[in-house]
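Shown next, in structure tokens, is the structure this report addresses.
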């Protein structure tokens, strides 16, 4: 290798990138080493295409190697892993930072740092530009929404206050996790508004949004920022698309909306190959990411199930869409079926006691992962198994029934939030880490 190429490679490794197989001779492709936000990246596909350690041949050997002790139960919040640090939030309103490789013990009890109390957090942290963003509410007496920004490296003390906070309306930020793009940080609130703040703050402790946008219902969906557009779902049963840079006014109208046919709860839009996928209560809907040239757009295709709820956010990988159901996962062709309504290609199910899969699926190296509210983390093959119903390859146990955090799979490790109900409530929260022997 020429000296110049060796120098470039060294710099890329130091900056957090490593080369992987090129798509074509002479092309350079680099793999991200970080899981920066809910659903991995800006597209929110939940697909880690660079995982290479755990696969269908060895996933059955995963075991829980260590845990991190948090405050109360981790409800919905999913881990971010950036620069060797694990970030996650617990319901008691605390953001936690632990070494991503653990502390040399089965149970890590002392974080690198933790936040001051933010009352209640059930969304996931987002790390960008050395800042960790998280949504919460101001207090139980005042239900105002609040975006908080922390130095990702901490503050030199065990407990850190935010660098700044953003005022996000008169109702809580629930499961809407912040998204960062184009110098803005976006978050949705239960008052039905999308809020856009300057990602660098405003030079004061409390910042007002640069612009906001109203939807027709509460927002628990996390915004997705791709190609200069912000996509977000609303409980009014619509997908909204806004210009990511705003509209030059404080209050912006959508570029277009898409009718989902049923309300959206915590689902986040996923964008892949020019299509935006969205889960509502009873449907998976696929829209042209550029809209349709009109104010209201119909989906390209849908998968509809009136008998049960669809849960979580879709994962897009290998030309397929993986969606959580009340009893397992369903797999659909990402380009539809040539009709307005499409059936699943196959189902992913697991035995034992049945309960909701509210955890959004994660796909990595040919394996699909999700939590189930039986205290389990489950893994299935991402490829068809030869029958319409495919059984799980592996299950790992937590010590609490609620596992609606979504798996983070990176560098041969699976991180997921839950709890240990054998501990007092104030220290029962857990991150479980599974690895190969």
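The values are calculated or read from the model by the stated rules, or taken from the named source; none is laboratory data. Since this is a predicted model, take the numbers as computed values, not measurements. Every residue, glycine as well, gets a Cβ built from its backbone with ideal geometry; the counts of neighbours run over all protein chains shown.
Couple of notes before you dig in:
- Hits in the range 354-375 (condition: touching a strand residue (DSSP E or B) at 6+ places or on another chain (Cβ under 8 Å), over 22 Å from residue 412 (Cα atoms) and either buried (at least 23 other Cβ atoms within 10 Å of the Cβ) or at pLDDT 95 or above (or both)): 357, 358
- Where residue 326 falls short, out of the listed (1) modelled with pLDDT of 95 or more; (2) closer than 27 Å to residue 78 by Cβ: (1)
- Checked against (1) under 20 Å from the mean Cα position of the chain (by Cα); (2) under 22 Å from residue 40 (Cα atoms), residue 145 passes all but a single condition, namely (2).
- Residue in the range 376-390 that is over 27 Å from residue 280 (Cβ atoms), part of a loop (DSSP other than H, G, I, E, B), in contact (Cβ under 8 Å) with a residue 40 or more places away in the chain and out of contact with any helix residue (DSSP H, G or I) (no Cβ under 6 Å at 6 or more places or on another chain) present: yes
- Scanning the range 273-282 for residues that are surrounded by fewer than 22 Cβ atoms within 10 Å (Cβ to Cβ) and under 17 Å from residue 232 (Cβ atoms) returns 275, 281.
- Scan of the range 138-181 for residues that are over 18 Å from residue 78 (Cα atoms) and modelled with pLDDT under 95, ordered by number: 138, 139, 140, 141, 142, 143, 144, 145, 169, 170, 171, 172
- Checked against the criterion of being over 21 Å from residue 377 (Cα atoms) and buried (at least 21 other Cβ atoms within 10 Å of the Cβ), the candidates 89, 68, 105, 97 yield just one match: 97.
- Failed item in (1) surrounded by fewer than 23 Cβ atoms within 10 Å (Cβ to Cβ); (2) closer than 26 Å to residue 255 by Cα, with residue 221 passing the rest: (1)
- Some residue of the range 306-313 being modelled with pLDDT of 95 or more and in a loop (DSSP other than H, G, I, E, B): no
- Residue match in the range 234-246 (condition: closer than 25 Å to residue 88 by Cα, surrounded by 24 or more Cβ atoms within 10 Å (Cβ to Cβ) and touching a strand residue (DSSP E or B) at 6+ places or on another chain (Cβ under 7 Å)): yes
- Qualifying strands (runs of 3 or more DSSP E) (wholly inside the range 391-431; at least 3 residues being over 19 Å from the mean Cα position of the chain (by Cα), modelled with pLDDT of 95 or more and within 18 Å of residue 358 (Cα to Cα)): 394-397
- Only a single criterion out of (1) touching a strand residue (DSSP E or B) at 6+ places or on another chain (Cβ under 8 Å); (2) without any contact (Cβ under 8 Å) to a residue 60 or more places away in the chain; (3) within 20 Å of residue 203 (Cα to Cα) is not satisfied by residue 99, namely (3).
- Of the residues screened, residue 261 is not one that is part of a loop (DSSP other than H, G, I, E, B) and at pLDDT 95 or above.
- Verdict on residue 251 being over 20 Å from the mean Cα position of the chain (by Cα) and more than 30 Å from residue 346 (Cα to Cα): yes
- Filtered residues of the range 323-341 (kept if within 30 Å of residue 243 (Cβ to Cβ) and assigned to a strand (DSSP E or B)): 323, 332
- Unique match (being under 14 Å from residue 325 (Cβ atoms) and surrounded by fewer than 24 Cβ atoms within 10 Å (Cβ to Cβ)) among 378, 393, 349: 349
- Among the residues listed as 351, 293, the single one being more than 22 Å from the chain's Cα centre (by Cα), without any contact (Cβ under 8 Å) to a residue 24 or more places away in the chain and not in a strand (DSSP E or B): 293
- Matching residues in the range 328-346 - criterion: being over 18 Å from residue 301 (Cβ atoms) and surrounded by fewer than 16 Cβ atoms within 10 Å (Cβ to Cβ): none
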